[in-house]
Amino acid sequence: MSLLEHLNEPQLQAVQTTDGPLLILAGAGTGKTMALTHRIAYLISEKGVDPAQILAVTFTNKAAGEMKERIKSLLGEGFKSQPTMGTFHSICVQVLRREIQHLGYESSFVIYDQDDSLALVKRIMKEMQISEKNFNPKAIRGAISKAKNVLQTYEEVQRMSNSVFEQKVGMVYEAYQNQLMKLAALDFDDLIMKVVELFETFPQILQKFQYRWKYIHVDEYQDTNVAQYKLVQMLAKEFRNLCVVGDPDQNIYSWRGADITNILQFEKEYPEAVVVKLEQNYRSTPHILAGAEAVIQNNKSRIEKKLWTDETDGQLIRMVDVDDERGEAEYVVKRVRRHFGSMKDHVVLYRTNAQSRVIEESCLRHGIPYKVIGGVKFYARKEIKDIIAYMRLIHNLRDDGALIRIINTPSRKIGAKTLEAAQRVATRHIESLYQVMKGDKNQLDGELPVSKIAVLQSFARMIDDLNQFSREFSVSALIREILHRSGYDRMLVEEKEVGQTRMENIQELITVAQKYDGLEIGVGLSTFLEEVALVSATDELQGAEDYLTLMTVHNAKGLEFEHVYIIGLEDGIFPHSRATFDPEQMEEERRLMYVAMTRAKLYLHLLWARRRLLFGESQYNPPSSFLKEIPPEHADGHLFAQKAEEETVAQLRKSGQEAQEYQEKVVFSDEAPAFMNQLNGDVFASSEPQVFVEGDIIEHRSFGKGTIRTLKGDIADIVFDNPRYGIKKLALNVAPVRKVG
């Protein structure tokens, strides 16, 4: 079979353009990997290029592995050697193993991962007497990493510092680099930076690699940062046989250092470059493509292209408005349950991690297995477990497990030896750790220095104060007080972007807690902790091979699904509130929306809620501005519904019975009319499909019928008719139960 068989015209041009600079603008789902792998195979089999002279750079090991397998398959058994293919970092390691001795390092250098790197930063800060309370080690390590990604040395950072924090970063950066060299170690960011330094310092070494890799390919070029860009330019300078593949419309990692100008300026840097646009999409239906294109065309920082497909059929994009976040979750899980086929065909995409909680609860309630990809399930996230541990200790001062988890979070300089000494005393006196820390310091005399005893006593006083606070104020107020009194909120502020995500998750925990604010003080806290335990226990039962996928839009890049549900499409959520007054960030938010929409193969559902309880607050945000950019002819249930349809909806609303019958016939069929979304919001996707009260008769999927004996918040004691099950305590927000009377 010919290498050129099955390639469309632009792909063919990309494969056969073998000399000089080449820019392949590859839209979503347009077969860019096919073009890239066929090009490399064509160079070897048809142009006679030695595989050793070809370099292909990817962003993930998985992508590199897939590329190797494809090229091996294309070339067949006749070609034993392979081109050099791998990530930026893996290729740089190859260079450094051979040449780093020229920079004074040993070729047997070790590579520090993030944990190793952070530990070294902490050690240096301790030696320099820089307080971790005032300067978060993670923030300093992150600043050093950002500096390296733009090739800034510690001298440059010190010279350009404009704040006390930046001054500290410069000081630590210098000591950190000196220590790494003494330890014969490099961190992850050094791998690229040191290769650039090597090439700049020793031109003859650069020339050696220029002649070795005469043909260079870079995938996902829109995601390259300053250091990666510089490295590629240096390697390609001699022969200018540089092929870059990417899509400016899918640049969504600026927060990680990705610089969109690298791809936008390619033609200016290489005036002789051939530009090939891959625009034929092999993934999505015409309506999905038209909707996505209509959104992205509102960006200014892009290169014009237009996706199209040979397909003529396909469902309209479904716009669905719901009452609130619970209605949103119910819509999704009901669609998933009614669909015949694998649940893995469905994905729920959201802008922020905190949005997963309500979807997770709905999955548990309906018995749908799920996985959070690229993240952790809500109640398993570190910050959630930390705050819950504080609450457990405050509620039960003898909970040593909870105390051990949070005694040094945020850092109080209480190490393992200090804790071990306190545990010895607690065992000897048959007391809890809290009692030992709070009690007469004579118990700890001889075991610990006076300074450490003072720190432990200070911690115990804080817990004591919070315990008293919990007896007077609501559960949600307690969480806010924990954040403030413990310094957890300050710790997250110092963690910048990561800290903001973690704070959003904690704010969502406050949303859960607010359900118990109306209960008697004290009872609310115990009931809340019961719910958390019950949800976690239910979640542990998940383990099926077929599952619903949940993920942020950032994690969805490069993937595809038959059914895509994008939730939270309200201004302030998606697009994110921080983009409101920043045109550049708004363009990145629009690129995120484009990426999200183009993950869909057959069905695309866009959901927004009239009101939303998120981050601990009730929000009434208008529909996302992106929704209004989608032409009416490509959407089912468009925001600009016709008056006749509105009148039909009004008539249906007159009778709940008629509406219910209509739901059974239409809502989950593929022939739903354009006004379906309005019905979903006002009638079918109500956030309160079931309101339980004491005395209700319910039916549980496994335990059968029962009666709600007591109800506090969402926690119910249920007496089941079958004596085998007796009385069980269930969280109704996740339990698979329904009213039957």
Single condition Y603 does not satisfy, out of (1) of a type in the set (S, T, Y); (2) under 21 Å from the mean Cα position of the chain (by Cα); (3) at pLDDT 95 or above:
(2)
Hey, any hits in the range 496-516 for a residue that's of a type in the set (D, E, K, R), in a helix (DSSP H, G or I), in contact with a strand residue (DSSP E or B) (Cβ under 7 Å, 6 or more places away or on another chain) and modelled with pLDDT of 90 or more?
yes
Is it the case that the range 437-460 has a residue that's within 20 Å of L492 (Cβ to Cβ), out of contact with any strand residue (DSSP E or B) (no Cβ under 9 Å at 6 or more places or on another chain) and not in a strand (DSSP E or B)?
yes
Take residues that are of a type outside the set (D, E, K, R), in contact with a Leu (Cβ under 9 Å, 6 or more places away or on another chain) and in contact (Cβ under 8 Å) with a residue 24 or more places away in the chain and tell me which of the strands (runs of 3 or more DSSP E) falling wholly in the range 527-634 contain 2 or more.
548-552, 561-566, 600-609
Sole residue being among the hydroxyl-bearing types (S, T, Y) and over 19 Å from H605 (Cβ atoms), chosen from Y331, Y379, Y370:
Y379
Single condition K344 does not satisfy, out of (1) buried (at least 19 other Cβ atoms within 10 Å of the Cβ); (2) within 20 Å of the chain's Cα centre (by Cα)
(1)
Please state which of the following conditions S536 fails to meet, knowing it meets all the rest: (1) surrounded by fewer than 20 Cβ atoms within 10 Å (Cβ to Cβ); (2) farther than 30 Å from S577 by Cα; (3) touching a Ser or Thr at 6+ places or on another chain (Cβ under 8 Å).
(3)
Residue list for the range 423-480, filter: among the charged types (D, E, K, R) and within 21 Å of K413 (Cβ to Cβ)
R424, K438, K441, D445, E447, K452, R461, D464, D465
Out of all the residues in the range 553-576, which are open to solvent by 10 Å² or more (accessible area, probe 1.4 Å) and over 15 Å from the mean Cα position of the chain (by Cα)?
E560, F561, E562, D571, G572
Matching entry among Q280, Q233 (being under 30 Å from Y112 (Cα atoms) and over 24 Å from the mean Cα position of the chain (by Cα))
Q233
Any residue at all in the range 408-418 that is in contact (Cβ under 8 Å) with a residue 12 or more places away in the chain, more than 26 Å from E495 (Cα to Cα) and either in a helix (DSSP H, G or I) or in contact with a Lys or Arg (Cβ under 8 Å, 6 or more places away or on another chain) (or both)?
yes
Please find, among T285, T309, the residue that is within 20 Å of G31 (Cα to Cα), among the polar types (S, T, N, Q) and surrounded by 20 or more Cβ atoms within 10 Å (Cβ to Cβ).
T285
Which listed residue, of G76, G86, is under 30 Å from L264 (Cβ atoms) and among the small types (G, A, S)
G86
Does K237 meet the test of being farther than 28 Å from V110 by Cα and of a type in the set (K, R)?
yes
What pairs come up if the first residue lies in the range 728-741 and is under 18 Å from R326 (Cα atoms), the second is in a loop (DSSP other than H, G, I, E, B), and their beta carbons are under 6 Å apart, counting only those six or more places apart or on different chains?
A731/D714; L732/F692; L732/D714; N733/D714; P736/G367; P736/R701; K739/Q690; K739/D696
May I ask you to verify whether Q233 is of a type outside the set (G, A, S), surrounded by fewer than 24 Cβ atoms within 10 Å (Cβ to Cβ) and free of Cβ contacts under 8 Å to residues at least 40 places away in the same chain?
yes
Step by step: first the residues of the range 312-328, then only those that are in a helix (DSSP H, G or I) and either at pLDDT 95 or above or not small (G, A, S) (or both), then the one that is surrounded by the fewest Cβ atoms within 10 Å (Cβ to Cβ). Which residue is that?
R326
Can you name the residue in the range 419-436 that is open to solvent by 50 Å² or more (accessible area, probe 1.4 Å) and part of a loop (DSSP other than H, G, I, E, B) and is also nearest to I404 (Cα to Cα) among such residues?
E431
Could you please give the count of residues in the range 703-714 that are in contact with a strand residue (DSSP E or B) (Cβ under 6 Å, 6 or more places away or on another chain) and either open to solvent by 60 Å² or more (accessible area, probe 1.4 Å) or hydrophobic (A, V, I, L, M, F, W, C) (or both)?
4
Looking at M491, is it open to solvent by 10 Å² or more (accessible area, probe 1.4 Å), in contact with a Ser or Thr (Cβ under 9 Å, 6 or more places away or on another chain) and not charged (D, E, K, R)?
yes
The lone exception for L206 - which of (1) buried (at least 16 other Cβ atoms within 10 Å of the Cβ); (2) over 30 Å from R490 (Cβ atoms); (3) under 32 Å from the mean Cα position of the chain (by Cα) it fails:
(3)
On the basis of being among the β-branched types (V, I, T), within 24 Å of R611 (Cβ to Cβ) and open to solvent by 10 Å² or more (accessible area, probe 1.4 Å), does V358 make the cut?
yes
How many residues, within the range 703-725, are among the small types (G, A, S) and either in contact with a helix residue (DSSP H, G or I) (Cβ under 9 Å, 6 or more places away or on another chain) or more than 23 Å from E361 (Cα to Cα) (or both)?
1
Restricting the range 94-137 to residues that are free of Cβ contacts under 8 Å to residues at least 12 places away in the same chain and assigned to a loop (DSSP other than H, G, I, E, B), the one surrounded by the fewest Cβ atoms within 10 Å (Cβ to Cβ) turns out to be Q129
What are the residues in the range 164-190 that are open to solvent by less than 10 Å² (accessible area, probe 1.4 Å) and touching a strand residue (DSSP E or B) at 6+ places or on another chain (Cβ under 7 Å), if any?
L180, A185, L186, D187
Run down S451, S470 and say which single residue is open to solvent by 60 Å² or more (accessible area, probe 1.4 Å) and not β-branched (V, I, T).
S451
For the range 61-88 the number of residues that are under 29 Å from the mean Cα position of the chain (by Cα) and open to solvent by less than 70 Å² (accessible area, probe 1.4 Å) is 8
Taking the stated definitions as given, is K47 open to solvent by 10 Å² or more (accessible area, probe 1.4 Å), in contact with a Gly (Cβ under 9 Å, 6 or more places away or on another chain) and among the charged types (D, E, K, R)?
no
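The values are calculated or read from the model by the stated rules, or taken from the named source; none is laboratory data. Just so we're clear, the structure is a prediction, and the values are computed from it rather than from any experiment. Positions of Cβ are backbone-derived with ideal geometry, glycine not excepted, and every protein chain shown enters the neighbour counts. Note: accessible area is taken over every heavy atom of the protein model, side chains too, but ligands, DNA and RNA are not part of it. Shrake-Rupley method; radii C 1.70, N 1.55, O 1.52, S 1.80 Å.
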